[in-house]
Amino acid sequence: MIELSLAQIADIVGGRLTDIGADDAAATIVTGTVEFDSRAVTVGGLFLALPGARSDGHDFAASAVAAGAAAVLAARPVGVPAIVVDPATLHPGSSGTAGVLEYDTDGSGAAVLGALAKLAAAVATELTAGGLTIVGITGSSGKTSTKDLIAAVLAPLGEVIAPPGSFNNELGHPWTVLRATPSTDYLVLEMSARHPGNIAALAEIAPPSIAAVLNVGTAHLGEFGSREAIAATKSELPQAVPASGVVILNVDDPVVAQMADKTAARVVRVGRSSDALAAEEGADIWAENVILDPLARAGFTLHAGGAQAAVSLAVHGDHQVSNALCAAAVALECGADLDQVAAALGAAGPASRQRMQVSTRGDGVTVINDAYNANPDSMRAGLKALAWMGREGPPECRSWAVLGEMAELGDDAISEHDRIGRLAVRLDVSRLIVVGTGRPMSAMLHGAVMEGSWGAEATAVADTDAALNLLRAELRAGDVVLVKASNSAGLGALADALATDVPPVGEACR
């Protein structure tokens, strides 16, 4: 971030200095990064004391300072130089977005997060005045993949800061903002929500001049209650963009297309074709002649401003076309030409772990590790990619869907899991392994059986160990395996083990 003294930071966040004198606070400059993990502290950095599931960051304050932190941002004195904020301090959107608040029994987490938001907002204001372009992304699915693509297409134009993985809530969002420095040209931020107002609060911290809305699905349906409520919350992002900015809308989603009426900014429409779109005016940037290679990597013709270029994506899944179009639109708005965009998209491989991460083992088994997150829309996209890869391989090879629970679906959990089980059968996935014993997973198995899958084609196992044992016993060289679930299901370790472990396998299918 920009260099600030401890005294300046205390003034910004409304905190008081403890265990450091006024003169020393004015002279001590934070030159490193802001971190919430004491093991990641850098010399001259600032440590955030946050409560967690297993420990409280306040207990690690001394070790963070010993490791080089200039001070600690805390909710109580910690015996080392600190900026202490009132535990009663809250800020808009602080009620439930960040998982850290699940363990906030005394308000300390809310206080520190509120201070972090104030600090990030002050830094964003100064950097924007100096020429920083802030890009915001939201959508029910695809945010992280699109964020990675946007970072890749902007990289040839200047220095880019983007969050690792899915740092998109009220902790990860300001943390990412504070990675930017005066030399940063582009700050790319993805914005998630579990409650109305969350995205508006994040946009207030770092107001974007360019925003992209990908889709409106059923992720977090349990929290929102309806798709209409999800759409209203997603529309908070285009509403936050000033009239001088640009809003990019994926008009293949008719709900997103309608958000053109929600913003004063100029609207750029992207879609899969120029003449068959939900938006009445069609698309400004579009893809046509989409084809998939055997690993479900899309190639298409990219059209924009009367020009066209051939694009061959290195990321997997037909759904990545829409993500790439949004990334292309952002880059074009920032001054890239179409050929630059096409080249950058073609060079951009998967950048975030466990998100359509495809690898082929030495024994010929291909693993699609998409275990970080899941909702009905992304689950359908993953299954379609699996089915395509399975069909493109030799006929003797099999496709395996190893699926865990999709969390936060509320009253729709049973019906949505049932639909996914049925879809796996309709897509002719060879084997379905349902991991878990709860009602949603029983519904997924039931859906598959009712759709016509029986015997060993659809199998339920209690846990990831049982799933891994089954796969090790039955996989054949050339098989393709999709591992997907919400992160809370814990299938990430299974996917990692499956991708790196090469146990004896049966006779090759080719």
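The values are calculated or read from the model by the stated rules, or taken from the named source; none is laboratory data. Since the structure is predicted, the reported quantities are computational estimates derived from the model, not experimental observations. Every residue, glycine among them, receives a Cβ derived from its backbone with ideal geometry; neighbour counts consider all protein chains shown. Protein only, heavy atoms only, side chains kept; ligands, DNA and RNA dropped before computing areas. Shrake-Rupley method; radii C 1.70, N 1.55, O 1.52, S 1.80 Å.
For the chain, the longest principal axis of the Cα atoms and the long axis of helix 464-474 meet at an angle of about 30 degrees.
Within the stretch 316-460, DSSP assigns beta bridges of which about 35% are antiparallel (rounded to the nearest 5). You can think of it this way: the chain between Ser55 and Glu457 has 140.4 nm of extra reach, that is 0.36 nm per residue less the Cα-Cα gap.
Bridges between two residues of the chain, per DSSP, are antiparallel at a rate of about 30%.
A Förster radius of 56 Å combined with the Cβ-Cβ distance from Asp86 to Asp261 puts the calculated FRET efficiency at roughly 0.85. Relative contact order of the chain, taken over Cα pairs closer than 8 Å and 6 or more residues apart, is 10 percent.
Among the lysines of the chain, pairs that are 8 or more positions apart or on different chains and have alpha carbons within less than 19 Å of each other number 6. When a 1.4 Å probe is rolled over the protein heavy atoms, the share of accessible surface on the stretch 277-366 that falls to carbon and sulfur comes to 46 percent. Calculate, for Ala314 and Thr105, the FRET efficiency according to 1/(1 + (r/R0)^6) with r their C-beta to C-beta distance and R0 35 Å; round to the nearest 0.05. It comes out at approximately 0.15. Taken per residue, the accessible surface of the chain reaches 38 Å², heavy atoms only and a 1.4 Å probe. Mean projected area of the Cα convex hull of the stretch 339-406, taken over all directions, amounts to 6.1 nm². Each peptide in 425-438, 477-490 was scored by the mean count of other Cβ atoms within 10 Å over its residues; highest first, the order is 477-490, 425-438.
Within the shell defined by Cβ-Cβ distances under 9 Å, the residues around Val84 carry a net charge of +1, with Lys and Arg each +1 and Asp and Glu each -1. All C-alpha to C-alpha distances of the stretch 388-510, sorted into 5 Å bins beginning at zero, yield P(r) values of 2, 12, 22, 23, 21, 13, 5, 1, 0 percent in whole numbers.
Hey, what angle do you get for helix 320-333 against the long axis of the chain, alpha-carbon based, 0 to 90 degrees rounded to 10? Tilt of helix 320-333: around 40 degrees. Its residue count N fixes a reference of 2.2 N^0.38 Å for the chain, and the Cα radius of gyration divided by that reference is 1.01.
Ranking of Lys384, Lys147 by solvent-accessible surface, largest first: Lys384, Lys147 (1.4 Å probe, protein heavy atoms only, all chains present). The residues neighbouring Leu237, those whose beta-carbon lies less than 12 Å from its own, together hold a net charge of 0 under the Lys/Arg +1, Asp/Glu -1 convention. Expressed as a whole percent, the accessible surface of the stretch 418-510 that belongs to carbon and sulfur atoms is 51, based on a 1.4 Å probe.
On C-alpha positions alone, give me the angle between the axis of helix 413-426 and the longest principal axis of the chain, in degrees, nearest 10. Relative to the chain, helix 413-426 is tipped by roughly 40 degrees.
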